[in-house]
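Before any comments, here is the structure.
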């Protein structure tokens with residue numbers, strides 16, 4: 001019974017921390033943010049790994065293995081695509097800066 | 001062993017939050033991502049030495065213990081990388097919706113697996129664990145089918161318009177209430193398997209029914225809400241397994257989805273309730289009829305006229321919308337900007353929060369076209385500048401530039417913050433046809449005396465403009 005309250009405290013504090021930090025993410029990065037949190041939510045991988053590896057029984061192992069598959073797609077794919085997006089965000093490129101300087 | 005596992009989880013949680021902090025600025029975002037990746041690595045490492053897995057390892061050895069994990073991990077990675085590396089940026093909303101579906105499914109399956117282990121096989125499950133598993137399966141299932149529906153709508157596999165039927169909201173709410181009652185009943189009596197499986201099946205149906213009536217431009221809210229649910233499902237998994245890193249990561253994800261859905265709803269001047277239960281479709285028809293009777297004329301401009309206007313402008317603000325994504329016109333927008341800038345014209349971009357089908361959709365597309373993020377402006381940053389701007393170039397946007405939202409209380413989008421494209425000295429609208437936007441209402445901007453319309457595919461038109469300017 002105590003454990004559930006401990007869990008609720010952790011949940012509450014993490015939700016506030018998450019809220020506070022994410023509030024600061026600019027609209028510019030909202031799509032990468034979604035891909036990023038999507039990768040993080042693949043943390044349910046942690047639960048499915050135990051189910052797939054501990055071999056409690058056949059049903060749990062099979063369900064766990066499918067869950068590992070789904071969660072891995074999210075973790076690996078989510079980080080990959082976030083990186084792919086973030087690599088595209090560039091400040092003024094040097095060429096344009098040079099042109100701007102020449103004009104002014 | 002358990003203290004090692006917990007230490008690794010603690011490090012992982014710390015790195016997740018640190019990583020998220022990195023995302024608060026574009027130049028630190030990639031570093032943040034690396035922190036989060038490391039965090040995930042620690043969490044996986046911690047799990048692979050989990051006491052239950054190690055107990056199996058003692059008996060069965062390495063191969064027997066890890067074979068399913070390794071197999072599914074490699075297949076999953078291959079699929080994840082293939083999807084992420086190949087999908088075009090214009091289809092990002094679908095990609096995100098699909099991954100929410102995977103996340104929901106994973107959580108729901110872990111829940112069922114846990115129920116099977118503790119209740120069906122071992123014959124004992126306490127009420128708190130049962131309650132947590134109930135929430136996990138509920139949110140997981142809802143997210144799974146709801147996201148699949150969203151994916152179907154975004155990719156055009158299912159009609160994107162709102163699908164409605166009589167007593168829709170009433171029956172949906174009733175079913176949701178029913179699922180909740182089942183959840184409570186199964187928490188009180190975990191041994192009743194029929195109740196459990198009924199409770200696990202209901203959210204699958206609910207996910208479909210909830211998303212079916214929600215149409216195209218409301219998708220950003222749906223996607224962000226499902227993002228939030230995916231997080232809550234992960235968090236509930238944490239409660240069921242007494243796993244703190246799951247609770248923390250899930251809570252962060254839930255908070256993120258929540259914030260984004262509030263941002264989206266505000267940008268549309270609508271409440272959550274209105275997006276989820278509002279019958280937007282009904283308002284449309286009256287409005288469209290009203291506007292059609294107006295019978296005003298629009299001024300059409302040829303490609304040459306548009307090119308002339310642009311070449312004579314000292315400052316241009318581009319207002320992109322979903323149409324730019326559909327036409328895949330972002331690269332040619334970048335080319336046009338390059339030519340104009342070489343001419344000494346200042347080019348900036350006004351990004352409305354709900355332009356596109358997900359938060360930040362337009363930013364990603366323009367970044368892909370190598371446009372520096374320093375010229376991508378948010379609504380509040382740039383809206384005052386329109387009146388001192390020579391040309392507003394509207395590329396595939398409609399409702400987000402409709403001035404009716406500012407002064408016509410009869411309009412169904414009245415009160416929604418919009419880009420002041422109408423205040424620019426002149427306004428060029430690139431449009432496929434005179435079809436109204438998602439909200440189904442006529443756009444006053446098109447009939448304004450300083451507005452000209454150039455009809456055709458946005459990409460084709462811009463390519464011709466670029467040619468004319470060269």
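What follows is calculated from the coordinates using simple rules that are stated; it is not laboratory data. Computed from a prediction, not measured in an experiment: that's the story for all the values here. No Cβ is skipped: glycine too gets one built from the backbone with ideal geometry, and neighbour counts run over all protein chains shown.
Restricting region B:350-359 to residues that are part of a loop (DSSP other than H, G, I, E, B) and more than 7 Å from chain A (Cβ to nearest Cβ), the residue that is nearest to the chain's Cα centre (by Cα) is B:357. For region B:325-343, a residue qualifies if it is out of contact with any strand residue (DSSP E or B) (no Cβ under 9 Å at 6 or more places or on another chain) and within 22 Å of residue B:383 (Cα to Cα), and exactly one does: B:334.
Report yes if residue A:24 is surrounded by fewer than 24 Cβ atoms within 10 Å (Cβ to Cβ), facing another protein chain (nearest Cβ under 7 Å) and more than 12 Å from the chain's Cα centre (by Cα), otherwise no.
Details: surrounded by fewer than 24 Cβ atoms within 10 Å (Cβ to Cβ): yes; facing another protein chain (nearest Cβ under 7 Å): yes; more than 12 Å from the chain's Cα centre (by Cα): yes.
Here the answer is yes, as residue A:24 does meet what is asked.
So is residue B:57 closer than 30 Å to residue B:259 by Cα, out of contact with any strand residue (DSSP E or B) (no Cβ under 6 Å at 6 or more places or on another chain), more than 8 Å from chain A (Cβ to nearest Cβ) and surrounded by 16 or more Cβ atoms within 10 Å (Cβ to Cβ) or not? No; evaluated as a whole, the condition is false for this residue.
Can you spot a residue in region B:15-24 that is assigned to a loop (DSSP other than H, G, I, E, B) and buried (at least 22 other Cβ atoms within 10 Å of the Cβ)? Lay out the reasoning, then the answer.
To start, the set of residues in region B:15-24 that are assigned to a loop (DSSP other than H, G, I, E, B) comprises B:23-24.
Retained after the next criterion (residues that are buried (at least 22 other Cβ atoms within 10 Å of the Cβ)): B:23.
Yes, region B:15-24 has at least one match.
Being outside any helix (DSSP H, G or I) and at the interface with chain A (Cβ under 8 Å from one of its Cβ atoms) is the filter; apply it to region B:27-51 and report the residue that is nearest to the chain's Cα centre (by Cα). Explain how you work it out, then say what you get.
Residues of region B:27-51 outside any helix (DSSP H, G or I): B:27-28, B:49-50.
Among the residues that remain, those that are also at the interface with chain A (Cβ under 8 Å from one of its Cβ atoms) are: B:27, B:50.
Working: B:27: 23, B:50: 35 Å.
Filtering first and then ranking leaves B:27.
Note on region B:74-94: among residues that are without any contact (Cβ under 8 Å) to a residue 40 or more places away in the chain and more than 7 Å from chain A (Cβ to nearest Cβ), the one that is surrounded by the fewest Cβ atoms within 10 Å (Cβ to Cβ) is B:86.
Identification of strands (runs of 3 or more DSSP E) wholly contained in region B:360-470 with 2 or more residues that are within 23 Å of residue A:90 (Cβ to Cβ) and in contact with a helix residue (DSSP H, G or I) (Cβ under 8 Å, 6 or more places away or on another chain) yields B:376-378, B:391-395. Pull up region B:119-128, narrow it to residues that are within 9 Å of chain A (Cβ to nearest Cβ) and in a helix (DSSP H, G or I), then point me to the one that is nearest to residue A:6 (Cα to Cα). Only one residue tops the list, namely B:128.
Give me the helices (runs of 4 or more DSSP H) completely within region B:186-282, filtered to those with at least 1 residues that are free of Cβ contacts under 8 Å to residues at least 60 places away in the same chain and facing chain A (nearest Cβ under 9 Å), ordered by residue number.
The helices (runs of 4 or more DSSP H) meeting that bar are B:219-241, B:244-267.
Per the conditions (1) surrounded by fewer than 17 Cβ atoms within 10 Å (Cβ to Cβ); (2) closer than 13 Å to residue B:212 by Cα, the sole criterion not satisfied by residue B:163 is (1).
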